[in-house]
Amino acid sequence: MDEPRIGVFICECGVNIGGVIDCQAVADYAGTLPDVIRSSVNKYTCSDSGQSEIKQAIKDNNLNRVLVAACTPKTHEPIFRACVEEAGLNPYLFEFVNIREHCSWIHMQEKEAATGKACELVRMGVSRASKLEPLQSNEVPVTNTALVIGAGVAGMQSALDIAEMGYKVYLVEKNPSIGGKMAQLDKTFPTNDCSICILGPKMVEVARNKNIELMTYSEVEEVDGYVGNFKVKVRHKARYVDTNTCTGCGLCVQKCPVEVPNIEFNEGIGTRKAIYIPFPQAVPLRAVIDKSVCIDCGACSRACSSNSIIMEQEDTFSELDIGVIVVTAGFDVYDPEPTHDFGYGLYDNVITGMELERLINASGPTMGKVVRPSDVKPPKKVGFIQCVGSRDKKRNRYCSSFCCMYALKDAQLIREKYPDSEVYIMYMDMRTPFRNYEEFYDRARDMGIRFIRGKPGKVTENDDGGVKVRVEDTLTNDIINLDLDLLVLSVGAVSSESTERIRQILKVSRAADGFLMEAHPKLKPVDTTLDGIFIGGVSQGPKDIPYSVSQGSACAARASRYLAQGKAITEGITVEVNHDICVACGICVPMCPFQALSIEEGKLNIIKALCKGCGTCAVACPTGALQQNHFRNDQLLAQVKNVFTFEE
Amino acid sequence: MKMTENKQWEPKIVAFCCNWCSYGGADTAGMGRFQQPASLRIIRVMCSGRIDPLHVFNAFLEGADAVLVTGCHLGDCHYVNGNYKTQVRYDFMEDMIKELGLEPERLHLSWISASEGEKFANFVREVTEQVRKLGPSPLKPEGVN
């Protein structure tokens, strides 16, 4: 490599950096540093004109290293690497210094200290830049299959889109049927069309699609590998029923003597048998035995005319070769039981919105009759409390986004079914964005539903089983005591345990709210920081059905870029061995979690395609023979040395 | 070659951050505008497992008043288990700095996720405060600022 000739570009990022840091002073200082040929300030270095300036400067000054001091490399490093590459430089000869997130934004009141720190960060970066070396990116083949985890409405859409592009999709669902939470809902806002009537045909479409291999009652156990080449192990839980011969006739269910609360689908209202079909529209329409409550009486076996009951069935496993992964692992509704929010769990007639969905649903446990749990009578006065578990610093700070709309919907349905009922909605703010949502709110008002702005302080039980809600109307400053027959808590969404499990397997990041975190909140809303892994639906954050479906499609589109190209570019940052110093001691071999290292015939062998470039092995090497490219010891130590200056 | 008399000493802390979690945590602190002392200098590595005791001790020998070793929470490592190896190496470094005659408060380990911006900022604040009380590192070469 020639002598380093470094160009330094200091970005003002409008006022984001320029408003705090004296960028010209930083550029002037950079000009005094060794190997720096030119340095300048740009208003927006990442803009077209900023990038053109870099390219021109490379040509004019024969630069062989470029340093940009701007924002975070996590979003902008690929942009500048591409920029220097267009000017003929190897992209790894680019160095990034973060003076926005790590400087101007966190030292807004200390302009002088921020400018001083920016100078030092640039000095560290220049010292590292002068030691950078060109590297080659690796191209890896991509297996043309996709794995979609979770078959709610988002996952179903994602699987269908990928399948319709002609690629094989494995759709893995932990429950015995696909459909997710949407299958439990009665109607959908703002059109009030029947949820299962629009979802059911889509479920059938998923099952029929030749490119989709549906794996219900199955869970992803292990994921290994990298973009294009994931090795996935899936557990197929024993159903104790042969799904090939079972016709879903339900005779076995009729004969089963064991009854337990139907928690899975009916939120604990009503019962199901030990052998059951999850719901009438289930896909696949097959029975499943809950072995934890089965008494092995054999009644189902005797009732089954197709001999489909296999009591000795065991879990089986599949090993899949997968190119890309989409995670739509869903969510849980907030559970007010442990903290007894507003008397839930203490008073019979306090229920959640999801429980109401099952009560109001024609195929639900009460055939669509809304009744008070205490005496099974239709309620005359129904109240809703909004933001239960949401927008609450003690619970979850975020807005769950769909609770206002589902409360408006259920309130309307109650008024339609029972025109002489009184319905109250107690709210902090009604949040109704998107098309026809505000109109839906207006309609609820027109139907005579009463809105009280205020969050109740106290809920107590009356002698007749009803509940008394004490709430301050913060618009009129009146204290109102409402006597209600039924109180519905509009509970929000929380990240589910199964999402957390899959997150840990895949190493996807989690945001502060517990949901999966996207690579960029604006520009990469369904990507993760991991190549080839995408996230969508409510596992990424609370959202309604159309938004979930859009994200499912977005995941499919983003994922299929890899499938269509049949290849992916992986980082050139891998580990390298100097055989002149390596003594083949093998200490590094067990350090690598990807089995990229091995000692073969007395020599260390590195499989570049398996190396992910973490550099853990390099630290273990006792002779210094192993070095991680782009993060070599001399490069890192140059930074360490340049944190400090010496006063002569 | 003495430190300029009238220039007040301010702690200088070197932090090694993994690309995926703790560097992201520092980014999130920035995005959230969580103000913190201008004492920190971050060196980015791909994994906390790449943090070599060599880097840490060199930082002290060059004049760092404190060094932070940071990475993803245990179980969240982008490279499966790099941070467990970091933990083992950290235990060694902890013993070593005592041998070097340094106060244990000058070396810290923290697991910070990419979403924990506030935690990152608080961590920087706390360590800076501790180090301010301890004064300059006894290993600081003369003339370093």
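No lab work stands behind these numbers, since they all come straight from the coordinates. Because the structure is predicted, anything quoted here is derived from the model rather than measured. When we count neighbours, we look across all protein chains shown, and the Cβ atoms used for this are built from the backbone with ideal geometry, even at glycine.
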Would you mind ranking A:450, A:100 by Cβ crowding within 10 Å, fewest neighbours first? A:450, A:100
Given just the C-alpha atoms of the protein assembly as shown, how large is their convex hull per residue in cubic angstrom? 201 Å³
Chain B: angle of helix B:117-134 to the longest principal axis, Cα-based, in degrees nearest 10: 30 degrees
What is the fewest-to-most order of A:426, B:31, A:156 by other Cβ atoms lying within 10 Å of their Cβ? B:31, A:426, A:156
I need to check one value: relative contact order of chain B, counting alpha carbon pairs closer than 8 Å and at least 6 residues apart, in percent. 38 percent
By the Cα gyration tensor axes a ≥ b ≥ c (a/c under 1.5 gives rounded; else a/b larger than b/c gives prolate, otherwise oblate), the shape of segment B:91-145 is oblate
Could you calculate the FRET efficiency of residue A:598 with residue A:113 from 1/(1 + (r/R0)^6), where r is the beta carbon distance between them and R0 is 60 Å, rounded to 0.05? 0.75
Stretch gain in nm, segment residue B:61-residue B:118, where the contour uses 0.36 nm per residue and the Cα spacing is subtracted: 17.5 nm
Just subtract the alpha-carbon distance of residue A:247 and residue A:35 from 0.36 nm times their residue separation and send over the number in nm, one decimal. 68.7 nm
Compute the helix-to-body angle for B:53-62: its Cα long axis versus the longest principal axis of chain B, expressed 0 to 90° and rounded to tens. 20 degrees
Dipole magnitude (debye, nearest 20) for the protein assembly as shown, charges at Cβ of Lys, Arg, Asp, Glu: 860 debye
Return a whole-number percent for the relative contact order of segment A:397-531, with Cα pairs under 8 Å and 6 or more residues apart as the contact set. 17 percent
Kirkwood Rh over Cα pairs of segment A:506-565 into Stokes-Einstein at 37 °C, 0.692 mPa s: D in µm²/s? 282 µm²/s
Charge-dipole axis of segment A:97-147 as Lys and Arg at +1 and Asp and Glu at -1 on Cβ define it, positive-most pick from A:103, A:134, A:116: A:116
Taking the Cα centre as origin and putting +1 on Lys and Arg beta-carbons and -1 on Asp and Glu beta-carbons, what dipole magnitude results for chain B, to the nearest 20 debye? 300 debye
Over chain A: helical MRE at 222 nm, DSSP H runs n ≥ 4 each giving -39500 (n - 2.57), nearest 500: -8000 deg cm²/dmol
Per-residue average of other protein chain Cβ atoms inside 10 Å, peptide B:61-70 -> 2
